[in-house]
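> Questions regarding the structure given below will be posed in turn.
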Amino acid sequence: MKCIESKNGIKVDGVSDLDLAQTLDCGQSFRWEQQEDGSFCGIACGKFVRVSLNDGILYIENANREDFEKIWYNYFDLSLDYGKIRKDIARLHPVLHEAAKYAPGIRILRQEPYEALCTFIISQNNNIKRIKGIVQRLCECFGEKIDGGYAFPTPEKMASLTPDDLAPLRAGFRNRYLIDAAQKVNSGEVRLDKCRNCDYEEARAELMKIKGVGVKVADCTLLFGFHRIEAFPIDVWMKRAMEKLFPDMKPEDFGEYAGIAQQYIFHYSRMHPELFDG
């Protein structure tokens, strides 16, 4: 990969196996908005950027080389060979072969763990448009002002609040879960740093100390916030997909890259509802 720094941003040549729409608008992150020209504006890791991708050149506006090396190279998971992983996964099942071929540009974003935890608490019984609205209001009300918008609020800030303080978010029952998460993370009762490298079941149990965090939210947090790509979150779509398309397989059958397989299956299933007719 070759990085070229310009006055307004940085160009990264040689990027493959990345489609911005498939990656940024598939329900793993909720702070990106597609623009009319196909680019995406968003805030991650306290930085506001506009990103576009054409002919293998990733352009990140409002970023410099240092930002790319410290933030965006990791955030877009550019070190992982998704082409090879996709070929390995495709051998597991004919439907998975089709799913991987359908959306080859999906990558697992490496998001900030606390933000991933909170956004997937918000995601419960919710749709993407409404989740984005709640997350935006949360940041505008309690996040630090930065160029281009607001950073995601810290657990320290949110731990000082009450569920009633979150009423403007219109998040309903999720307010008390968000406050419980903030207080337990801030106090150290829940140790996010522990979840990256410990045994998977132990990491899941750590997150499930938080009120309202069940297996699905914990698995999403581990996959998208800690890059635990052995995670295989199961929601309504995935439950239907597993029952209909993979009746003889269990999550553990998808191996060490189960989380990547899950994203291919999830996207493929949502885009092909006719598979579930009858």
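Throughout, read-outs are computed from the coordinates displayed, never taken from laboratory work. Note that the structure is a prediction, hence the values are computed from the model and not measured.
> Of the listed values (1) 28, 26, 17; (2) 39, 20, 16; (3) 25, 22, 18, grab the one calculated as semi-axes √(5λ) of the Cα gyration tensor in Å from the structure here.
After the calculation, the listed value that fits is (1).
> Another one. Taking a cut-off of 20 Å, what percent of all Cα-Cα pairs in the stretch 2-79 are separated by more than that?
21 percent
> If the chain between residue 194 and residue 2 were fully stretched, how many nm would it gain, using 0.36 nm times the residue separation less the Cα-Cα distance?
65.7 nm
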